[in-house]
Structure formats: C-alpha cells, structure tokens
Amino acid sequence: MAERLSPFIFFLSSLENDEIYLGNYERFLDVTLTKDNNITTGKIFQSVIEKERKGDYLGKTVQVVPHITDAIKDWIESVSAIPVDGKDGPADVCVIELGGTVGDIESMPFIEALRQLSFSVGQDNFCLVHVSLIPVLGVVGEQKTKPTQHSVRELRALGLTPHLLACRSAQPLLENTKEKLSQFCHVPAANILNIHDVPNIWHVPLLLRNQNAHDAILNQLNLLSIAMPPALQDWTMMAETYDNLTNSVRIAMVGKYVGLTDSYLSVVKALLHACIACSLKPSIDWIAASDLEEDSAKSTPEAHAAAWETLKEGRGGWIKTHAS
C-alpha cells in the first residue's frame with residue numbers, strides 16, 4: 001500500500017488518511033479530526049460534478065459562481081456544526097485556514113466563498129486574521145511593509161478586510177513598522193500581532209497571549225462576556241522545560257523515505273514528546289533501510305558499514321516497515 005500512497009499523509013483515528021498538516025492540528029489543539037475537516041479544490045469539484053450528474057442543478061450550466069462557491073460554503077457550514085473537542089453540542093467557533101497567497105488562481109473560488117460567507121453570517125460573526133511576512137532587506141536591517149500592504153490591498157479589492165494582521169518576522173516588530181502597517185492597512189495597531197522567531201513552538205501561544213490576541217478576536221466576535229481567561233500554565237511549563245533541556249539521547253530511525261523526513265513527522269513528534277517527559281532532547285540519526293540490506297554491502301560498502309555503525313551507536317531505535 002505504501003507504494004501507492006504519498007508519503008506526506010496523516011492517518012486519522014477513523015483510519016482515513018489525509019493531508020499531513022491535520023496531524024499538526026490534532027497534536028497542537030488536542031482535537032479529533034476527520035477527512036471532512038480538510039477542504040480541497042479536488043473534493044469540491046468532485047462533489048459539484050456528482051451533483052450535476054445526478055441532476056441536482058436541473059440542467060443548468062455549472063459555473064464557479066454560484067455552484068463552486070456554494071459548495072464551499074455548504075461544506076464549511078456542515079463541518080462547523082460538528083464539534084472536534086469531544087464535547088456535545090455545536091461548536092461556538094469554527095476556525096478556517098485558507099492557505100496560499102492572495103491572488104493565486106487556485107484560491108480565488110475560496111476567497112469569493114469566504115466573502116459571501118462573511119456577508120451572510122454578519123461581520124459580528126466573522127473575524128479575518130491575515131498572516132503575512134515582514135522581510136528584512138539589506139545590511140541596514142529595515143523591516144519592509146510593502147508586501148503586506150499590497151496583499152491587504154488586493155484582499156480588500158476581493159471583498160475581504162482583515163480585522164487582525166499576524167506578521168511573521170525574524171525579530172520583533174519595531175514601533176514605526178507597526179504604525180506604518182496600521183496606517184496603510186487600516187488595521188488598529190493593537191490588532192497587529194507580531195509572531196517573531198521563538199526558541200520553540202510552545203512559545204507561540206504565550207507570545208499571542210502577551211499581545212492580547214485573544215481579546216482582539218473575542219471582541220470582534222462579541223464573545224468577551226462569555227469567554228474564560230486563557231489558562232496557559234501547561235504551555236509555559238512545556239516551553240520552559242524544553243528550553244532548559246541539556247541532555248540528549250540518540251535515536252536511530254530506519255525507514256524507506258528518510259530523504260523526506262516529513263514522511264515520519266508524527267513519529268518524530270511522538271519521540272519528541274516522550275523525550276521531553278524524560279527531560280531529554282532527541283537527536284535523531286536517519287538511516288535508509290536499503291543501506292542495511294545485504295545487497296548494499298557489495299554495491300555500496302561504505303554506506304552499508306556507516307548505516308550499521310550508526311544503528312549500533314543509537315540508545316534507541318525505530319524501524320518502519322512498509323507493506324507491499
């Protein structure tokens with residue numbers, strides 16, 4: 001089966017497989033997702049084609065607007081009613097991530113669908129966070145805001161106005177950078193979030209909390225009166241624990257797709273979490289399974305010897321088998 005699957009997939013609890021980033025959501029948010037939580041252009045097109053063949057459109061010409069956009073909205077509204085946190089009843093908030101770059105032809109139907117959705121549910125029920133890069137060019141180190149200005153301008157031309165800007169950067173944003181973004185992007189300075197590089201991923205929620213990102217989102221959605229204050233004690237402990245780890249443990253990872261380490265991302269994350277629980281940092285040695293085979297001793301003796309030596313030096317090992 002592995003020969004017929006992309007290595008970049010994630011197996012869900014329902015034994016379905018889908019995009020690998022669904023695993024990031026499950027690990028980070030402690031939720032249980034299904035294939036329906038991942039909307040793709042192919043899935044939308046397939047559903048529209050199936051409806052057309054069943055005669056649901058009564059012989060009308062199928063178009064991007066309204067048929068494709070309606071299918072996207074229907075999918076979102078259907079999935080948003082299904083809670084993923086294990087609790088009963090409908091969810092209070094549905095998070096929608098639209099990837100890509102503003103202006104890409106692939107994302108245009110989705111942008112139009114979200115524009116229509118924002119109008120139908122009302123502005124008080126819709127909060128748009130635009131993620132953009134703030135590059136630094138030249139030896140002077142000036143933070144450039146033009147790319148973000150242009151992307152926001154194009155997004156507004158398509159009918160969507162960001163309520164918050166999430167600015168990725170290597171270093172914290174300067175005050176004059178935030179003022180310029182606020183002025184030219186029509187976003188309050190308090191709603192411009194700086195997501196700069198941090199020592200580890202568990203610092204990100206703390207970074208957002210310290211900038212009151214939760215209050216800005218809750219205020220836009222009129223949920224301030226019912227929302228609980230963020231309890232991030234566990235996050236703080238996890239972030240600080242990882243920062244202070246000094247001892248490491250070598251783990252030998254044997255697999256077929258070691259050239260594409262994301263193929264084993266879920267296993268790597270599981271090892272990371274296990275090591276943190278033991279106050280250790282994992283040091284992973286990737287070993288191609290083919291280098292351990294007897295045939296490789298003749299064809300590539302140096303790689304064969306090095307692979308076996310690395311395997312023996314590891315304090316722990318993990319071997320992935322692939323069914324034919």
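Amide hydrogen proximity for Leu193: with H placed 1.01 Å from N in the peptide plane, the residues at 5 or more positions away or on another chain lying under 5 Å are Leu165, Ala166, Cys167. The trypsin sites (Lys or Arg not before Pro) found in the stretch 61-115 that occupy coil by DSSP, while having at most 12 further C-beta atoms within 10 Å, are Lys87. Once backbone amide H atoms are built at 1.01 Å from N, Val249 has Lys281, Ser283 as its partners under 5 Å, excluding neighbours fewer than 5 places away on the same chain.
Quarter the surface of the alpha carbon convex hull of the chain and you get the mean projected area, 22.7 square nanometres. Once C-alpha pairs closer than 8 Å and six or more residues apart are averaged by separation and normalised to the residue number of the stretch 221-324, the relative contact order reads 35 percent. Along the stretch 88-97 the Karplus relation, 6.51 cos²θ - 1.76 cosθ + 1.60 evaluated at θ = phi - 60°, assigns HN-Hα couplings of 7, x, x, 6, 7, 9, 10, 9, 10, 9 Hz to successive residues, with x for each Gly and Pro. Segment Leu137..Lys51, full-extension length gain: 25.9 nm, with 0.36 nm per residue of separation and the alpha-carbon distance subtracted. With angles folded into 0 to 90 degrees, how steeply does helix 233-243 sit against the dominant principal axis of the chain? Use alpha carbons for both and round to 10. Value to nearest ten degrees: 40. Here the scattering of the stretch 245-319 is modelled by Debye summation over its C-alpha atoms, one equal scatterer each and no solvent; at q = 0.14, 0.23 Å⁻¹ the log10 of I(q)/I(0) is -0.46, -1.00.
With R₀ set to 45 Å, the beta-carbon distance separating Glu302 from Asp70 gives a calculated FRET efficiency near 0.15. In the chain, taking the dipole from charged Cβ atoms about the Cα centre, the farthest positive-side position among Val254, Ile72, Leu158 is held by Leu158. In this structure, the amide hydrogen of Glu142, modeled 1.01 Å from its nitrogen in the peptide plane, lies closer than 5 angstrom to those of Leu137, counting only residues at least 5 positions away or on a different chain. Does the stretch 218-285 come out rounded, prolate or oblate, given a ≥ b ≥ c as the square roots of the eigenvalues of its C-alpha gyration tensor, rounded meaning a/c under 1.5 and, failing that, prolate meaning a/b above b/c? Judged from the Cα gyration tensor, the stretch 218-285 comes out oblate (a/c at least 1.5, b/c at or above a/b). Net length available on complete extension from Ile82 to Thr246 is 54.8 nm, with 0.36 nm assigned per residue and the Cα-Cα distance removed. If you run the Gaussian network model on the chain, springs between alpha carbon atoms under 10 Å, then out of Tyr264, Tyr57, Tyr242 the most flexible one is Tyr57.
Listed values for the stretch 191-207 are Karplus-derived 3J(HN,Hα) couplings in whole Hz (6.51 cos²θ - 1.76 cosθ + 1.60, θ = phi - 60°), namely 9, 9, 9, 9, 10, 8, 4, 10, x, 8, 5, 6, 7, 4, x, 5, 4, and x replaces Gly and Pro. By how many degrees, 0 to 90 and rounded to 10, does the Cα axis of helix 301-313 deviate from the longest principal axis of the chain? Value to nearest ten degrees: 80.
The calculated 222 nm mean residue ellipticity attributable to helices in the chain amounts to -12000 deg cm²/dmol, summing -39500 (n - 2.57) over DSSP H runs of n ≥ 4 and dividing by all residues.
Arrange Met108, Met237, Met228, Met253 by Cβ neighbour counts within 10 Å, fewest through most, would you? The order, fewest Cβ neighbours first, is Met228, Met237, Met108, Met253.
Nearest 10 degrees is fine. How inclined is helix 175-185 to the longest principal axis of the chain, computing both from alpha carbons? Around 50 degrees separate the two axes. In order along the stretch 148-164, phi translates into HN-Hα couplings of 5, 4, 5, 5, 5, 4, 5, 5, 5, 5, 8, x, 10, 10, x, 8, 9 Hz, rounded to whole numbers, per the Karplus curve 6.51 cos²θ - 1.76 cosθ + 1.60 with θ = phi - 60° and x for Gly and Pro.
Each reported figure results from applying straightforward, stated rules to the coordinates on display, with no laboratory input. None of the values given here were measured: they were computed from a predicted structure. Neighbour counts are summed over all protein chains in view; Cβ atoms, including those assigned to glycine, are modelled from backbone coordinates with ideal geometry.
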